Amino acid sequence: MQTANLIIVLLAMVGIAYYMGRGRSFALAKPLGGIRHLNSLPFYYGAQTAIWCCVPSLILLALWALFDEPIITNVVLSGLPEAIQPQTVADQNLLLNRIENIASGALAAGADEQALSAAADRLNGLRETAQWVLTAAILSLAVLGGLWGWRRVSPKLKARNQVEVVFKSTLLACACIAILTTLGIVFSVVFETIRFFSFDEVTITGFIFGTEWSPQIAIRADQAGASGSFGAVPLFVGTLLISFIAMVVAVPVGLMSAIYLAEYANPRVRSTAKPLLEILAGIPTVVYGFFAALTVAPFLRELGESMGLDVSSESALAAGGVMGIMIIPFVSSLADDVITAVPQSMRDGSLGLGATKSETIKKVIFPAALPGIVGGVMLAVSRAIGETMIVVMAAGLAANMTANPLDTVTTVTVQIVTLLIGDQEFDSPKTLAAFALGLMLFVVTLLLNLFALRTVKKYREQYD
Amino acid sequence: MTSIATEQAGEMLISKTERTESQVVRDIEHGETVGEPLMEDAKMSVRNTDVFYGDKQAIFGVDLDIGKNQVIAMIGPSGCGKSTFLRCLNRMNDTVEGCRVSGELTLDGSDIYSKKMDVVALRARIGMVFQKPNPFPKSIYDNVAYGPRLHGLASRRGELDEIVENSLRRASLWDEVKDRLHSPGTGLSGGQQQRLCIARAIAVSPEVILMDEPCSALDPIATARIEELIAELRENYTIAIVTHSMQQAARVSQRTAYFHLGHLVEVNDTEKVFTSPEHELTEAYITGRFG
């Protein structure tokens, strides 16, 4: 039976186990005088039986999936005649691939490859057997587990506590998945970065402090190419410039719209305007990207030319400005929340002393909400630094180290994209540079997030 | 008027006086305020004032004078409109959505609700202390200096220091906080916070101070200190205080106004209200039969 079908059957059995366990608890309760004489509610007895039915078989299924393939290939390989036994890991992979292809019928075995076609047959046979054994094992384990759980049902069984434990473990497992995935990503980036720094062309100081970025290097021995230089500073300067422009747009506009919505707008305006503003956050960044590249950038260029300024067609200003628009809802929504969270008694206190509304906002509400607002702004900065699509489309690729917003610049994320697009060799520093950049970006945004979270935490301590 | 509240009040009365419910309702709704609501030389006077929240009327035709350098206490069961009435006196109800005030309210003869009246200036003349201490999350000094800075009352740093010190002294908080003026006001105890709020209110030298249950969040010792303070402040300010505690009203006030279901039932000298109330509702309330 296919694994997918197997899981469906298993689910059906779990359902049956649930009803059987529940039914048994009812049956046991009846002579005692009702379910209040049971330790737990019938639901828990059913759930307990269902858990006994599914958890052991799911564990077996997981273990099987892990060890099934390696064992089978090992058996197949050891069955090959001495003469064609592979010597290296690469050879072995090649040979396995070939056997695999013959087995699936994608390739025909050559006339002199009797051994291989025998191995392919063997592979097919083993797989089929394994699948049958698996089906039988899983189903019988499910039945046995279900029966065991069913038999355990008794008025004294603390089913509720057991189900709670299982429930808690499931939650814990889910939390672990998120954390382990993050760890996994970090480690894979770290290892690639270590590989990157092990090349002769690059040094850690050269990467962090170098001011020239031109990752194009010869990828074949006979190719005439630049030697490549990996100084990340221009990229970070570009990233910071664009993020800065974005924040210059997003922070004032976002904050002021938040203040308007929270303090001045009447409830009806607020309930329409806030979702509308948040739609901005729902527009895909690629749409913002072509808006920046096709509308804003040419407009800025024409505007600049009419004023006698030299504006490059892909300018930091266009990318940063559009990114700022994109980030407005981030800032405004978070700021709106913290401003609304300032207790009404603060407003009353200030108004009662004869302050006007705007004085109250400036002198009491804004300072009281400031830590929260800073937190929101820092999250928006992380977002701006990590943003890719808009800058890929609108900012350009030239790694200029400049503070002129009318110039074309490039960012860390753009370079990561260009380094990894297309066919790449994974043992050249050019490709691996992407991982080093990614790691550095990750560290920068992590620090910003930590800072933001700490500020938010400080804010929480301020009232009650 | 909501029928449920009327019924409850009615039932309580019937148990005592054996009158019908309709008689009581008529009595509250058409009865004139008994006692002496009006006086000569009043600081503030209120005539024929109604307050509405949306369609719901909260205050019904109140006439009342508030005398200069006196403490007037407003008592009455929960929801009787005494806080609403207090908040009309410095137009704090303006900030409440859908709240409408009609009638004539004057401060030293000038109409509070006229178009010419500047709300900001009005609130500087009529300060307010709230039920829950609400110091700003700033230092003690900045809390007290908030109003003076706002209204430009001090041109030099030294003047501001003086105002802060005087206000804290008058609120009898100076000795406790003089060494930590620049630590946050929110770090003080509840009673100290409330005295800080009083200092903050008197720092702009108001003429009238409104207090909305200023001791309801405080322990008895802190309450006693605030009450002492109110007695001292009376020399310089006119004070209107809303309170749930009849003992407090009896201790701190010269006149007492009893509100019931949005109507001003009785106003008299405090002693008279508590020893020989004229209206049966007042008597029922102060003898603890309801409220």
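The values are calculated or read from the model by the stated rules, or taken from the named source; none is laboratory data. The model shown is predicted, which means the values in this text are computed figures rather than measured ones. Cβ coordinates were reconstructed from backbone atoms using ideal geometry, including for glycine residues, and neighbour counts include every protein chain displayed.
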*List pairs: first in region A:407-430 and over 21 Å from A:V202 (Cα atoms), second in a helix (DSSP H, G or I), Cβ under 8 Å, 6+ apart or cross-chain?*
A:D407/A:A316; A:T408/A:A316; A:V409/A:P234; A:V409/A:V237; A:V409/A:G238; A:V409/A:L241; A:V409/A:I242; A:V409/A:A316
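Here's the yes/no breakdown for (1) on the phi > 0 side of the Ramachandran plot; (2) surrounded by fewer than 24 Cβ atoms within 10 Å (Cβ to Cβ); (3) among the hydroxyl-bearing types (S, T, Y):
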{"position": "B:Q192", "(1), (2), (3)": "no, yes, no"}
{"position": "B:R200", "(1), (2), (3)": "no, no, no"}
{"position": "B:S205", "(1), (2), (3)": "yes, yes, yes"}
{"position": "B:A224", "(1), (2), (3)": "no, yes, no"}
{"position": "B:E232", "(1), (2), (3)": "no, yes, no"}
{"position": "B:S245", "(1), (2), (3)": "no, yes, yes"}
{"position": "B:K272", "(1), (2), (3)": "no, yes, no"}
{"position": "B:E278", "(1), (2), (3)": "no, yes, no"}
{"position": "B:Y285", "(1), (2), (3)": "no, no, yes"}
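Quick grid of which residues meet (1) part of a loop (DSSP other than H, G, I, E, B); (2) closer than 15 Å to B:G76 by Cβ:
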| residue | (1), (2) |
| --- | --- |
| B:L229 | no, no |
| B:I239 | no, no |
| B:R251 | no, no |
| B:Y258 | no, yes |
| B:V265 | no, yes |
| B:V273 | no, yes |
| B:E278 | yes, no |
| B:A284 | no, yes |
| B:R289 | yes, yes |
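Go through A:D337, A:D310, A:D348 for me and flag whichever is within 30 Å of B:R87 (Cα to Cα), charged (D, E, K, R), away from chain B (no Cβ under 14 Å) and out of contact with any Pro (no Cβ under 8 Å at 6 or more places or on another chain). I'd like the intermediate steps shown before the answer.
On the way: A:D310 fails: within 30 Å of B:R87 (Cα to Cα); A:D348 fails: away from chain B (no Cβ under 14 Å).
The conditions single out A:D337.
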*Where in region B:100-192 are there helices (runs of 4 or more DSSP H), lying wholly inside it, with at least 2 residues that are among the polar types (S, T, N, Q) and more than 9 Å from chain A (Cβ to nearest Cβ)?*
B:157-170
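Within region B:86-114, count every residue that is among the hydroxyl-bearing types (S, T, Y) and free of Cβ contacts under 8 Å to residues at least 40 places away in the same chain. Don't jump to the end; show me each part of the working.
Within region B:86-114, the subset among the hydroxyl-bearing types (S, T, Y) is B:95, B:102, B:106, B:110, B:113-114.
Now narrow it down to the ones that are free of Cβ contacts under 8 Å to residues at least 40 places away in the same chain: B:95, B:110, B:113-114.
The total comes to 4.
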*Do we have any residue at all in region B:193-202 that's farther than 24 Å from B:G81 by Cβ, free of Cβ contacts under 8 Å to residues at least 60 places away in the same chain and of a type in the set (D, E, K, R)?*
yes
_So, B:C215, is that one away from chain A (no Cβ under 14 Å), buried (at least 21 other Cβ atoms within 10 Å of the Cβ) and under 18 Å from the mean Cα position of the chain (by Cα) or not?_
yes
*Considering every residue within region A:85-93, establish whether at least one is exposed (fewer than 15 other Cβ atoms within 10 Å of the Cβ), touching a Leu at 6+ places or on another chain (Cβ under 6 Å) and not small (G, A, S).*
yes
*Residues of region A:240-271 that turn out to be among the hydroxyl-bearing types (S, T, Y) and over 22 Å from A:V342 (Cα atoms), as a count*: 1
*Test for A:M346: is it assigned by TED's automatic domain parsing to the domain that holds A:K458 and without any contact (Cβ under 8 Å) to a residue 60 or more places away in the chain*: yes
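Among what's in region A:232-273 and is touching a strand residue (DSSP E or B) at 6+ places or on another chain (Cβ under 9 Å) and closer than 15 Å to A:T402 by Cβ, pick the residue that is surrounded by the most Cβ atoms within 10 Å (Cβ to Cβ).
Filtering region A:232-273 down to residues touching a strand residue (DSSP E or B) at 6+ places or on another chain (Cβ under 9 Å) leaves A:232-235.
Add one more test, that the residue is closer than 15 Å to A:T402 by Cβ, and what stays is A:233-235.
Details: A:V233: 16, A:P234: 22, A:L235: 24.
So, considering only residues that are touching a strand residue (DSSP E or B) at 6+ places or on another chain (Cβ under 9 Å) and closer than 15 Å to A:T402 by Cβ, the one surrounded by the most Cβ atoms within 10 Å (Cβ to Cβ) is A:L235.
Per-residue answers, yes or no, for (1) without any contact (Cβ under 8 Å) to a residue 24 or more places away in the chain; (2) among the polar types (S, T, N, Q); (3) closer than 19 Å to A:T408 by Cα; (4) out of contact with any Cys (no Cβ under 7 Å at 6 or more places or on another chain):
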position	(1), (2), (3), (4)
A:L276	yes, no, no, yes
A:A293	no, no, yes, yes
A:M307	yes, no, yes, yes
A:A316	no, no, yes, yes
_Scope region A:162-205; condition touching a residue at least 24 places away in the same chain (Cβ under 8 Å) and within 30 Å of A:Y45 (Cβ to Cβ); matching residues_ = A:Q162, A:V163, A:V166
_I'm checking my understanding of the structure. Among residues of region A:274-283 that are surrounded by fewer than 15 Cβ atoms within 10 Å (Cβ to Cβ) and of a type in the set (A, V, I, L, M), which one is farthest from A:P329 (Cα to Cα)?_
A:I283
*Does B:K115 qualify as being within 30 Å of B:F259 (Cα to Cα), basic (K, R) and at pLDDT below 90?*
yes
_Looking only at region A:359-398, filter to residues that are closer than 21 Å to A:A250 by Cα and among the polar types (S, T, N, Q); which one of those is farthest from the other protein chains (Cβ to nearest Cβ)?_
A:T388
*Any residue at all in region B:49-60 that is assigned to a strand (DSSP E or B), in contact (Cβ under 8 Å) with a residue 60 or more places away in the chain and within 14 Å of chain A (Cβ to nearest Cβ)?*
no
*Could you pull out every one of the helices (runs of 4 or more DSSP H) wholly within region A:336-424 that has 2 or more residues that are surrounded by 22 or more Cβ atoms within 10 Å (Cβ to Cβ)?*
A:344-352, A:366-386, A:389-394, A:412-420
_Which of the numbered conditions does A:V286 fail, given that it passes all the others? Conditions: (1) without any contact (Cβ under 8 Å) to a residue 24 or more places away in the chain; (2) more than 14 Å from chain B (Cβ to nearest Cβ); (3) surrounded by fewer than 19 Cβ atoms within 10 Å (Cβ to Cβ)._
(1)
*asked:* Criterion first (among the hydrophobic types (A, V, I, L, M, F, W, C), surrounded by 15 or more Cβ atoms within 10 Å (Cβ to Cβ) and within 30 Å of A:A29 (Cα to Cα)) does A:L141 satisfy it?
replied: yes
*Do any residues in region A:370-396 that are in the same structural domain as A:L317 (by TED's automatic domain parsing) have Cβ atoms under 8 Å from those of residues that are crowded, with 20+ Cβ neighbours inside 10 Å and aromatic (F, W, Y), where the two are at least six apart or on different chains, and which pairs are they?*
A:G376/A:F330; A:L379/A:F330; A:A380/A:F330; A:R383/A:F330; A:M389/A:Y288; A:I390/A:Y288
*Taking region B:199-215 as the region of interest, how many residues are in contact with a Lys or Arg (Cβ under 8 Å, 6 or more places away or on another chain) and in a loop (DSSP other than H, G, I, E, B)?*
2
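Just the residues that are part of a loop (DSSP other than H, G, I, E, B) and either buried (at least 24 other Cβ atoms within 10 Å of the Cβ) or not polar (S, T, N, Q) (or both), please, taken from region B:71-95. I'd like the intermediate steps shown before the answer.
The first filter runs over region B:71-95 and keeps only residues part of a loop (DSSP other than H, G, I, E, B), leaving B:76-81, B:89-91.
The answer is B:G76, B:P77, B:G79, B:C80, B:G81, B:L89, B:N90, B:R91.
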*asked:* I need a count of the residues in region A:347-361 that are modelled with pLDDT under 90 and within 40 Å of the chain's Cα centre (by Cα).
replied: 0
*Just one of (1) modelled with pLDDT of 90 or more; (2) within 27 Å of B:K43 (Cβ to Cβ); (3) surrounded by 22 or more Cβ atoms within 10 Å (Cβ to Cβ) trips up B:I140, so point out which.*
(2)
*Taking only region B:160-190 into account, find how many residues are on the phi > 0 side of the Ramachandran plot and more than 24 Å from the chain's Cα centre (by Cα).*
0
